[in-house]
Structures are given as C-alpha cells and as structure tokens.
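J.: Please find one structure pasted underneath; my questions will follow.
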Amino acid sequence: MQFNDARSMNENKPVGGAQWMVLFAAFLGWLFDGFEIGLFPVVGRPALLNLIPSAGDAVVGLWFARITAAFLLGAASGGLIFGWLGDRIGRVRALAFTITVG
C-alpha cells in the first residue's frame with residue numbers, strides 16, 4: 001500500500017467520541033499544569049516568609065529565585081529525559097512512568 005492510499009483512507013474516518021475525550025483530557029492536563037506554574041509565584045513568597053520568619057526580604061528573594069530556577073531546570077531536564085525515554089520505550093510507557101514519578 002502506498003502512502004497516498006493510506007492517507008486517503010484515514011481522511012474518510014470520522015472523529016469519534018474517544019478521540020474528543022483524549023483531546024479534552026490532554027487539554028485539562030495542560031491547563032492544570034499552567035495553573036500550577038502561574039500559582040507558584042503567588043504562593044511561593046508568602047510560604048517562604050512563613051518557613052523562614054526571621055529572614056529579611058533579601059534572603060527570601062534569594063531562596064525564591066533558587067526555587068524558581070530549580071523548578072525551570074527540572075521541567076526542562078524532565079522534558080529532555082522523558083522525551084528521549086518516549087523514543088526508546090514508547091510514548092504510552094514513558095507517560096505512565098512520568099505520572100508515577102511526578
């Protein structure tokens with residue numbers, strides 16, 4: 001079977017309810033991940049002030065910067081590692097592994 005024949009066969013298939021549910025679940029995962037990233041700056045500074053009550057604003061700012069940098073480095077390295085792992089063992093297994101690790 002040629003590539004053009006396979007593509008024309010897939011174009012005629014309607015999108016079913018299961019595909020829409022997968023798309024909706026992926027969208028919700030992306031939405032909640034963005035919400036978590038957006039909520040961290042709002043909650044992080046007051047939480048650090050409660051954890052280190054005797055520290056001044058400069059110390060809290062330094063720790064907040066370190067935590068934010070670690071968060072961003074972790075997200076980037078996780079994307080690289082689990083993207084590579086997805087290529088090696090398959091996307092479904094890699095996603096299941098990221099859910100168990102995270």
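Only the coordinates and a few stated rules stand behind these numbers; no lab work does. It should be emphasised that the depicted structure is a prediction, and the values quoted were computed from it without experimental measurement. FYI the Cβ positions are ideal-geometry reconstructions off the backbone, even for glycines, and counts take in every protein chain you see.
J.: Contour minus end-to-end for Ile52 and Phe35, with contour as 0.36 nm per residue of separation and end-to-end as the Cα-Cα distance?
T.: Values: separation 17, 0.36 × 17 = 6.12 nm, distance 2.56 nm.
Result: 3.6 nm gained on full extension.
J.: Taking 0.36 nm per intervening residue step and subtracting the Cα-Cα distance, what contour gain separates Arg91 from Leu23 on full extension?
T.: Working: separation 68, 0.36 × 68 = 24.48 nm, distance 1.58 nm.
Roughly 22.9 nm would be gained on extension.
J.: Please give the charge dipole size of the range 3-101, origin at the Cα centre, charges +1 on K and R Cβ atoms and -1 on D and E Cβ atoms. Round to the nearest 20 debye.
T.: Numbers: 7 positive and 6 negative charges, 37 e Å.
Its charge dipole is roughly 180 debye.
J.: Quick check: the angle from helix 91-101's long axis to the longest principal axis of the chain, C-alpha only, nearest 10 degrees?
T.: 20
J.: To continue, here is another question. Using a Gaussian network for the chain with springs between C-alpha atoms less than 10 Å apart, which of these wobbles most: Ile37, Ile89, Ile81?
T.: Evaluated over the chain, the most mobile residue of the options is Ile89.
J.: Considering the alpha-carbon set of the chain alone, what are its Rg and its Dmax in angstrom?
T.: Final numbers for Rg and Dmax: 21.1, 72 Å.
J.: On to the next question. Going by average Cβ density within 10 Å per residue, which order do the peptides 92-98, 17-23 take, highest to lowest?
T.: On the way: 92-98: 13.3, 17-23: 9.6.
Listed from highest to lowest mean packing, they are 92-98, 17-23.
J.: Continuing with this model, one more query. Taking the simple approach of a point 7 Å from Cα along Cα-to-Cβ for both Ala65 and Val101, what is their distance in nm?
T.: Roughly 2.9 nm, to one decimal.
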